[in-house]
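Taking it in order: structure first as structure tokens, then the write-up.
The values are calculated or read from the model by the stated rules, or taken from the named source; none is laboratory data. As the structure is a computational prediction, the values presented were derived from the model and not from experiment. Heads up, the Cβs are rebuilt from the backbone with ideal geometry, glycines too, and the neighbour counts pull from every protein chain shown. Only protein heavy atoms, including side chains, enter the accessible area calculation; ligands, DNA and RNA are left aside. Shrake-Rupley method; radii C 1.70, N 1.55, O 1.52, S 1.80 Å.
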Amino acid sequence: MYNSSFKTTLISVVTQHNMLGPSSPLSSSTALRSPLLPPDIKIPVTGDDKEQEKLYIDHMLQKYCGEFGAYQLRHFVLTSLAWALEAFHTMIMIFADREPDWRCSGTGTGTGCSPAAASVCGFDEGAWQWCGGTASSTVSEWGLICGEKYKVGLVQALFFGGCMIGAGIFGHLSDSKLGRKGSLTIVCILNAIFGCLTAFSPNYWIYVLLRFLTGFSTGGVGLCAFVLATEPIGPSKRGIAGMSTFYFFSGGIAILSGIAYIFQTWRSLYIAASIPSILFLCIIIPFVSESPRWYMVRGRSNDAMKIMRDIAKCNGKYLPDNVSLSMDDDKENNDNSEKEGLDEQEAVTGSILDVLKSPLTRLRLFLTVAISFSSSIVYYGLSLNVVNLDTNLYLTVLVNAVAEMPAFLLTAILLDKYGRKPLAIGTQWFSGLFCLAGSLMARNGPWKVVRMACGVLGIFGMAGTYNLLFIYTMELFPTVVRNAALGCATQAAQMGAILAPFVVVLGGGIPFAVFGVCGVVGGILTFYLPETLHKPLYDTMAGMAEGEN
């Protein structure tokens, strides 16, 4: 077929021939045998005549846009800053709900006061006083000691309970209507509101309610930020990038220790820790883009292509006009869109019920939930054991946060070399074996130091596991249900965090034994998960089923 440019040229030549008449050179036999167009004139080929090339997002990133360029680096850093916000709202309980130091006031009568006593239980009310005043923590302000001490554990457990509920709800919303960016925006708004309101709690029970609501919103921060930060990254760079998100969480804990040192009262600390959420909403969120994968599964291919072109442009690459995105579920949608001339396709939806219906993803969900639950018990349990050391609280929290970073670095280095599955098994068994060894150590003499070293090595290994599980779980499920599945795993982790304090209070060698068993069992369960190294991020359930088969 002649294209439009050729038709225009042909009409022009014929018109000139008719105007010149039979005496013109064009009417001669030589002219009739000559070409209508001079040899040096080329017929332009329009974009419509080029063969359309349809690619999956991973393939387009690898071939045209770049897997991890300037665009992905900026987007990754900005989005991952939300992890620091989660650290603020989660770990603030260490400082706000601590039991301050006390001293004898010398004014008590009856039983008196002994500075060498382990606690103030049994002393007269006027025989002692808090060193930092009653406003230093919730414990000192509301008297959460002795018979009321259980209330400290209750508020912490309810916070993680809120996290568990929020992770499931926002995991579903980020896969469906709100999207990754929309869900992250909502949870940050709620965090800022509930965090500031907590500072004005008139009594303990209002404080408990607000901490539960804060946990509800905090539960969605990490999973939304993680998926949003890693989905625009190419497959060969996604693993090490996903592992690097947890530097922001540990960095947030380290920064929080400095904030808590400056703001010594718990009410001022809550306001100071909530202000960064407001700054994130005003300064960072406007520069964060929605995930192109979410746009694709919602049928908004034009929006997805716009982001892909922005990625290519920012990375100094060129994305041809004849290249478009394709879903991985089947070819029918692409054929229909070509016939009908439509750029938009019908949205593909999914829920946790779809995960349970599919034999392929059902087993994966059960395994990731069980592994997340066991690893969380070990991670939070060992962290609480370290916090109970008789050292400077601010310095201890800072050192613990920094000590986790080598585990993240080592795991990131080995991730693409040995794969997700062997590394997950190895880190869990590493932690479990040292915990089991710690349960056999005596609690006095030189063995006390060895036992402490076993605990440090145990949390070192489990920090790598806890980090790795996010990227591993993300790759095990398609885009349409990815956040819902990751939300279930996060809910299981929060349940483990709720139970961890109850394991710690058992005392003796029992906590180390429980942590060791959890680590070993978690490693065994990981054997039944498939390897995801260098595999694409599937978009739909049908696409995953076809790709895996």
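Under the combined filter of DSSP loop state and at most 13 neighbouring Cβ atoms within 10 Å, the range 47-100 retains these GluC sites (Glu not before Pro): 51. Could you please report the charge total around residue 314, scoring K, R as +1 and D, E as -1 over all other residues with beta-carbon less than 14 angstrom from its beta-carbon? Neighbour charge sum, excluding residue 314 itself: +3.
The heavy atoms of residue 130 offer some 30 square angstrom of accessible surface to a 1.4 angstrom probe.
Here the range 163-294 exposes an accessible surface that is 82 percent carbon and sulfur, computed with a 1.4 Å probe and the other protein chains kept in place. Note on exposure: 71, 64, 247 ranked by accessible area (1.4 Å probe, complete protein assembly) read 247, 64, 71, with the most exposed listed first. Where does the charge balance sit around residue 488 when Lys and Arg score +1, Asp and Glu -1, over other residues with C-beta under 14 Å from its C-beta? Neighbourhood net charge equals +1. Highest mean first, the peptides 195-208, 513-526 sorted by other C-beta atoms within 10 Å per residue fall in the order 513-526, 195-208. Relative contact order of the range 389-507: 24 percent, from C-alpha pairs under 8 Å at least 6 residues apart in sequence. Averaged per residue, the range 178-329 has 34 square angstrom of accessible surface, using a 1.4 angstrom probe with ligands and nucleic acids left out. The solvent-accessible area of residue 101, taken with every protein chain present and a 1.4 Å probe, is close to 110 Å². Averaging the Cα positions of each part gives two centres, and for the range 210-279 and the range 49-92 these lie 18 Å apart. Annotation: peptides 297-307, 216-226, 280-290, ranked by per-residue average of other Cβ atoms within 10 Å with the highest first, follow the order 216-226, 297-307, 280-290.
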